[in-house]
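Below is one structure, written out as structure tokens; comments come after it.
The values are calculated or read from the model by the stated rules, or taken from the named source; none is laboratory data. Owing to the predicted nature of the structure, the values given are computational and were not obtained by experimental measurement. Every residue, glycine as well, gets a Cβ built from its backbone with ideal geometry; the counts of neighbours run over all protein chains shown. Ligands, DNA and RNA are excluded from the accessible area calculation, which covers all protein heavy atoms including side chains. Shrake-Rupley method; radii C 1.70, N 1.55, O 1.52, S 1.80 Å.
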Amino acid sequence: MEVFEMVELGTQLVTYLMMISAIPACIAVYKFRDPNKLNYIFCLLGLLNAFAGIVYGQILNNDALITINWVSAVFQAVFVMTIILVSQPKSKPMTQATMAGLGLLTFYQYLIHVVVHETAILNMLGMFMFVVATITWATPAIEIRDCMQKKSSADISISMLIGGIACATMWLLYGLMLNDFYIYSPNIVGLVTSAGKVVCLMKYSSKRKTE
């Protein structure tokens, strides 16, 4: 097995494991009727990015990207629907999901009927994925801020942190090997925010043990 194939396979495996690791939180959302146990905007952005990634992979004829994003779309859709199901009132998350869906459809129509050229479509889809993925990876900065304000790392999930580092590292390597800026660059942000979490864990570890 060549190095590229190993990295590609590793990227798929860590991505699937990362998604599977969120299942307990999803079950907790439904069991305790608490939508706050999953980040709704994070899941919604992930769903939008997955749909864009499917089309992106199809244009590139990259079966790995297509498969990863289809699996991701299924997981994120389940997470989004579960949160909507338990939310009271449901109007806000449903409105957000509807607006996001309509926005994505409008974007696709623009690409198909206005942009037309495949290379331009690929670049615009890539930029969309880049922006969404960067925002997604940057959101843990809020968690770091809260950790510093509380002077406690109790809210930082070590398992999710390890999964995030592994995921960002593999996608960074995979993107570099594909020479695809839109794939590798957001993961640099992911590694930076993960490093911030590690610093918080090290700095406030004693506080974590006492809580």
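Accessible area per residue for the range 121-211, computed on protein heavy atoms with a 1.4 Å probe, is 53 Å².
Between the Cα long axis of helix 181-203 and the first principal axis of the chain there is an angle of about 0°, rounded to the nearest 10.
Overall, the ratio between the Cα radius of gyration of the range 8-127 and 2.2 N^0.38 Å, rounded to two decimals, is 1.17. In the chain, the longest principal axis of the Cα atoms and the axis of helix 158-178 are about 20 degrees apart. Hydrodynamic analysis of the chain uses the Kirkwood radius over alpha carbon pairs. Inserted into Stokes-Einstein at 10 °C and 1.306 mPa s, it gives a translational diffusion coefficient of 87 µm²/s.
Taken as Cα centroids, the range 80-140 and the range 35-69 sit 10 Å apart, rounded to the nearest whole angstrom. Please give the helix 40-60 orientation as an angle from the longest Cα principal axis of the chain, in degrees from 0 to 90, rounded to the nearest 10. Value to nearest ten degrees: 30.
Taking the accessible area of the range 27-142, probe 1.4 Å, and keeping the other protein chains in place, the carbon and sulfur fraction comes to 70%.
The translational diffusion coefficient of the range 27-73, from Stokes-Einstein at 20 °C and 1.002 mPa s with a Kirkwood hydrodynamic radius over alpha carbon pairs, comes to 183 µm²/s. Summing Cβ point charges (Lys, Arg +1; Asp, Glu -1) relative to the Cα centre of the chain gives a dipole of roughly 1220 debye.
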